[in-house]
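**Student:** Dropping the structure in here first, questions after.
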Amino acid sequence: MGNKTVCRIVLVSVLMLASADKMMGAEDKKDEVVVTATRVEAGIDKIASSVTVITAADIEASQGKTVPDVLRSIPGVHVSRNGGTGKSVSVYLRGAKSEHVLVLIDGVDLNDPVSAGRAADLSSIGVGNVERIEVLRGAQSALYGSDAIGGVINIITKKGEGPATVTVKAEVGSFETYSESIGLHGSSGDINYSFLVSRVDTEGISVANEKDGNTEKDGYWNSTFSGRIGWTPSDTFDLSLILRYVESESELDAGSGALKDNLDDTQETELLFVRSEAVVWLLDSMWEQKFGVSYSSHDRVYNQPGDQTIFDSELLKFDWQNNLYMADSHIVSMGAEYEEEQGESSRVGPYSSNFDKKTSENIGVFAQDVYTWQEKVTVAANVRVDDHDQFGDEVTYRFAPVYELEETGTRFKATYGTGFKAPSLFQLYSIYGSEDLQPMKSDTYDIGLSQNVFSDILVVDVVYFNSQYEDMISYDFVTFKYGNISEAESEGVEVLASLRASDKVMLNLSYTYTDTEDKDTGKALKRIPVDRASFGASYRDKKLTANLGVVYVGERLDRDFVTSTDITMPDYFLVDISGSYDCTDSFQVFARVENLLDEEYEEVYGYGTAGLGIYGGVKVKL
């Protein structure tokens, strides 16, 4: 990070601290409840893990359109996109790659069993009916299994309540972008419901960077249906059905060697996520049981001149969780999960491989004890055993204490956990894979301090994290095969400061330092910035909302596949502004400007990014 960048961050911090004694009306964050960290509802002040909550109000203020859009300002999180809207997205948590992060939407796994590393591609997942997103950083295999070796992103959609309301929204903007949605939300008696249909069309930008002489635009369209319906006949029983269907098509550019314009390359995607869940309370509400069954399907088709490559995968999952509320200060949880996944590639294309339908099964059982002593010390301890039909048993565990000094507003917290990541079907059975692969392993710990200042007006959070990875599954450019060929380390510091300047103004500043190393090469891990910072300022009253977001991404290592050499990508600043105004209780106008400074930059070497973009629209409630 350059001297100018450091000065800017220090200046913002000083201004925030200098004005803190004049600020009033801080929001009490102690009442915030999260569910991802322990799989049960818990006050955020009782959680040792680093977890960030993005609320529906935050999403509306930023006017982000997809999940990756609203993740960019979170400490410890880095997002990169291979081109413009709708193109493949990677999300890194504390140096962990996308394939090391479990993504859930209402309890359904979004990770694709037949993608190269079994990662979840969030490029087509919109936020139109999302109630909140919880981002849990650090190894979570002891609660969630293989895919959560680096963390969990939990997306929770809205539950209908109140009189039936129809919401219509339309937007138009730069790059010939149009989006429309219509939603129905409400409840009647024992039934609640929430439905949303949305559509996005854009001419887009060139996937291959325009600075390299590429001018042909690569468009994208997306149609999504999201639905949730629940039945609650009593205080002790709840049944819900959740469904999301996504169909999209994205134009691509040739990606072999130097990226270049190609008029005919496209990717067609069809996604289906379904879940049914029943919750039963027994023994005078001391015993909570959750029964769930979920199904997901990913179909991807890559079209190139004279060739077509198809990837199909399915995942079926049964889960059962028991929560015993021994007392207000003591919760014991036990659960079991069964997963069956299958995937295939129907034919060989120039950049993919062919394999017949393959399957794998995994049974996981876990137990957790969360105990609070004298409202000062809370300890969460959990262990999990996974029995994979390919690799046998894997045992992971986690320990997470937090100590609170209420009189000083100070919280000390720490976590230690182990993790494992099973190879994907692609890594095992494609022509680039090997059935001899073994799971990668991790040891992760963090230690931090959270301090409330001026009666919670200012909150400062500092966390040091360290992750050690063994037997990492990587692609070997010498053998052209995946193998357990490397070890790596990621360590760093996350700093977050939140200041409620008034009842209407909120300021947030975050900085993440991430030092990664591939132990075999001595080099940093690819595409992970050493320095990353963000600043946000929001104003909200009864009618007007305004939001400013600034993101700085420092230098990071990438690879030039033409010359087979590593290169250092330059740093960049992005500034976005957005606002909305409620003309009446049922009519709102809104607008936003993305990349206000028209910054020229690359997130991934050779791939284009959008310049200045202006968007606006209306929302009507009926």
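No value in this document is a laboratory result; all are computed from the given coordinates. Being a predicted model, the structure only gives us computed values, none of them experimental. Here Cβ is always computed from backbone atoms with ideal geometry, including for glycine, and neighbour counts include all displayed protein chains.
**Student:** So for region 3-621, taking the charge dipole from beta-carbon charges (+1 Lys/Arg, -1 Asp/Glu), which of Ser578, Ala400, Ile156 sits furthest toward the positive end?
**Tutor:** Ser578
**Student:** Mind giving me the nanometre distance, one decimal, between the label points for Leu282 and Leu241, set 7 Å out from Cα along Cα→Cβ?
**Tutor:** According to this spin-label approximation, the distance is 2.6 nm.
**Student:** Additional query: Among the aspartates and glutamates, which have Cα under 13 Å from the Cα of Lys526 when same-chain residues fewer than 8 positions away are ignored?
**Tutor:** By straight Cα distance, Lys526 reaches Glu489, Asp515, Glu517, Asp518, Glu555, Asp558, Asp560, Asp566, Glu603.
**Student:** Within a Cβ distance under 12 Å of Ser345, other residues only, what is the Lys/Arg minus Asp/Glu net charge?
**Tutor:** 0
**Student:** When Lys and Arg each count +1 and Asp and Glu each count -1, what net charge do the other residues less than 14 Å away from Asp585, Cβ to Cβ, add up to?
**Tutor:** Charge balance near Asp585 sits at +3.
**Student:** What pairs from Lys46/Lys159; Lys260/Lys523; Lys481/Lys519 go past 24 Å between their alpha carbons?
**Tutor:** Table pairs above 24 Å Cα-Cα are Lys46/Lys159; Lys260/Lys523.
**Student:** Between region 263-338 and region 100-161, how many Å separate their Cα centres?
**Tutor:** 10
**Student:** Using a Förster distance of 22 angstrom, determine the FRET efficiency expected from the C-beta separation of Ser586 and Leu544, and round it to 0.05.
**Tutor:** Taking R0 as 22 Å, the efficiency between Ser586 and Leu544 is 0.85.
**Student:** Let me ask you something else. Would you compute, from DSSP H runs of 4+ residues alone, the mean residue ellipticity of the chain at 222 nm, taking -39500 (n - 2.57) per run and dividing by the full residue count, rounded to the nearest 500? Walk me through the intermediate numbers first.
**Tutor:** Working: 5 runs with 37 residues, N = 622.
So the helix-based figure for the chain works out to -1500 deg cm²/dmol.
**Student:** Starting from the Cα of Glu407, step 7 Å along the direction of its Cβ; do the same at Gln390; then give the gap between the two resulting points in nm.
**Tutor:** Calculated label separation equals 5.6 nm.
**Student:** List the pairs from Lys65/Lys619; Lys290/Lys317; Lys65/Lys97; Lys290/Lys413; Lys376/Lys441 whose alpha-carbon separation is above 25 Å, in the order I gave them.
**Tutor:** Over 25 Å Cα-Cα: Lys290/Lys413; Lys376/Lys441.
**Student:** Sticking with this structure for a sec: Longest span of the chain, sites excluded, free of chymotrypsin sites (Phe, Trp or Tyr not before Pro) in DSSP loop with at most 10 other C-beta atoms within 10 Å?
**Tutor:** So the longest stretch without any such site is 1-476.
**Student:** Go through (i) 69, 40, 24; (ii) 33, 31, 27; (iii) 40, 33, 21 and flag the label whose value is the computed semi-axes √(5λ) of the Cα gyration tensor in Å for this structure.
**Tutor:** Only one option fits the structure, namely (ii).
**Student:** Using the beta-carbon distance between Val33 and Glu210 and R0 = 41 Å, what value does 1/(1 + (r/R0)^6) give for FRET efficiency, to the nearest 0.05?
**Tutor:** 0.35
**Student:** Here's another thing I want to ask about it. Along the Cα→Cβ direction, 7 angstrom out, place labels at Thr565 and Val332. What is the inter-label distance in nm?
**Tutor:** Going from the Thr565 label point to the Val332 one covers 6.3 nm.
**Student:** While we're looking at this one, here's another question. Any idea which of Met569, Asn222, His185 is furthest toward the positive side of the dipole for the chain, if Lys and Arg beta-carbons carry +1 and Asp and Glu beta-carbons -1?
**Tutor:** Checked the options; the winner is His185.
**Student:** Please state the charge dipole magnitude for region 3-621, taken about the Cα centre, from unit charges on C-beta atoms (+1 on K and R, -1 on D and E), reported in debye and rounded to the nearest 20.
**Tutor:** Numbers: 55 positive and 100 negative charges, 291 e Å.
Computed about the Cα centre, the dipole is about 1400 debye.
**Student:** What's the center-to-center distance, using Cα atoms, between region 399-435 and region 483-520 in Å?
**Tutor:** Rounded to whole Å, the Cα centres lie 15 Å apart.
**Student:** Relative contact order for the chain using alpha-carbon pairs under 8 Å, separation at least 6, rounded to a whole percent?
**Tutor:** Reported relative contact order: 13 percent.
**Student:** Rg and Dmax of region 191-296, using alpha carbons, in Å: what are they?
**Tutor:** Radius of gyration, then largest Cα-Cα span, for region 191-296: 22.1, 69 Å.
**Student:** Relative to the present Cα-Cα distance, how much length would full extension add between Ile191 and Val301 at 0.36 nm per residue of separation?
**Tutor:** In short, 35.8 nm is gained.
**Student:** Mean separation of Cα pairs under 8 Å and 6+ residues apart, divided by the residue count of region 492-622: what relative contact order is that in percent?
**Tutor:** 16
**Student:** Looking at Val460, Gln308, Leu143, which one has the Cα that reaches farthest to the positive end of the dipole of the chain (charges on Cβ: Lys, Arg +1; Asp, Glu -1)?
**Tutor:** The residue sitting farthest along the positive end of the dipole is Val460.
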